[in-house]
Amino acid sequence: MSPSPTPSAPATMFSGPMTGAKMSAKDAREPSAEVIPRSSGDATLNLLERSLTALQDPGFPIAPEIMTITGITDAMVASHSIDERAVNDLLSRVVLVIAPHADFDRRFLERRLPVFATKHWACSRSDIDWKAEGLRSSALEFVAYSLGFFHDGHRAASDCRATLHALAQPLPGTGRLALQALLDQARLPTWRLWARDAAIERKDLLKARGYAWSAGAMTPPSWKHVAPR
């Protein structure tokens with residue numbers, strides 16, 4: 001993975017709820033993005049510049065439990081699709097994409113919308129050491145509660161704005177701006193390591209070394225680890 005976006009480049013916050021655990025090019029129900037300009041040379045967040053929320057018809061019925069969680073129904077997504085031209089225009093000046101589940105979202109988006117493959121990525125969950133800051137969980141709802149605001153998740157636009165608000169807060173442990181901590185981590189070059197064809201008996205060892213199971217949307221199913229270079 002390549003290092004460092006330029007300090008003055010705008011970033012975008014992305015969230016994209018899916019129809020289920022098995023990901024395909026049609027699985028997004030409601031991708032949402034917010035473009036945030038930043039002051040040159042620091043991690044100051046300026047006013048929201050642009051936003052985009054879209055609905056995507058997955059081509060099959062949405063599971064009842066997903067409709068209960070999100071409130072999105074088959075009727076709401078019927079015949080809707082993501083406007084790729086609008087997405088490309090939104091991301092034309094964006095260098096960094098921030099998502100609360102970047103590893104998962106990135107695999108889907110680079111397959112569905114190729115423009116995302118040209119961008120740097122950062123994860124608001126894993127690129128900030130929330131536990132070191134005194135938070136027991138990196139889940140967005142818990143982070144919001146710990147930082148003093150309420151977030152009712154499961155809709156993409158709400159997730160984007162809650163993540164943006166969280167990144168604008170000082171971290172409870174170090175006092176650093178959350179966005180600055182994320183950017184510092186995102187600028188570090190990393191390696192992606194895959195342990196393919198590993199025997200099931202090795203799973204505990206792989207987990208202990210930081211590997212996580214990757215279902216293989218873009219690569220064959222295997223254990224994956226992202227390590228600093």
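Taking amide hydrogens as modeled 1.01 Å from N in the peptide plane, which residues meet the under 5 Å criterion relative to Leu177, leaving out close sequence neighbours?
It is Leu171, by chain and number.
Enumerate the calculated ³J(HN,Hα) couplings along region 163-172 in order (Karplus 6.51 cos²θ - 1.76 cosθ + 1.60, θ = phi - 60°), each rounded to whole Hz, writing x wherever the residue is Gly or Pro.
5, 4, 5, 4, 5, 8, 9, x, 6, x
Mind ranking 124-130, 95-101, 68-74, 112-118 by how tightly packed they are, going by the mean number of other C-beta atoms within 10 angstrom, highest first?
95-101, 124-130, 112-118, 68-74
Using the Karplus equation 6.51 cos²θ - 1.76 cosθ + 1.60 (θ = phi - 60°), what ³J(HN,Hα) coupling, rounded to whole Hz, does each residue of region 93-106 give in order, writing x for Gly and Pro?
With coefficients 6.51, -1.76 and 1.60, one gets 9, 7, 9, 10, 9, 10, 9, x, 9, 4, 4, 6, 4, 5 Hz.
Can you list residues from other chains, or at least 5 along the same chain, whose modelled amide H is less than 5 Å from the amide H of Tyr211?
Amide H neighbours of Tyr211: none.
Residue by residue, what Karplus-based ³J(HN,Hα) values in Hz, rounded to whole numbers, does region 185-195 have, using 6.51, -1.76 and 1.60 with θ = phi - 60° and x for Gly and Pro?
Residue by residue, region 185-195 yields 6, 5, 6, 6, x, 9, 10, 9, 10, 10, 9 Hz.
Would you mind calculating the relative contact order of region 92-200 from Cα pairs under 8 angstrom and at least 6 residues apart, reporting the percent as a whole number?
Relative CO of region 92-200 lands at 22 percent.
None of the figures in this text is laboratory data; all of them are computed from the coordinates on show. All figures in this text were calculated on a predicted structure; none of them were measured in a lab. Cβ coordinates were reconstructed from backbone atoms using ideal geometry, including for glycine residues, and neighbour counts include every protein chain displayed.
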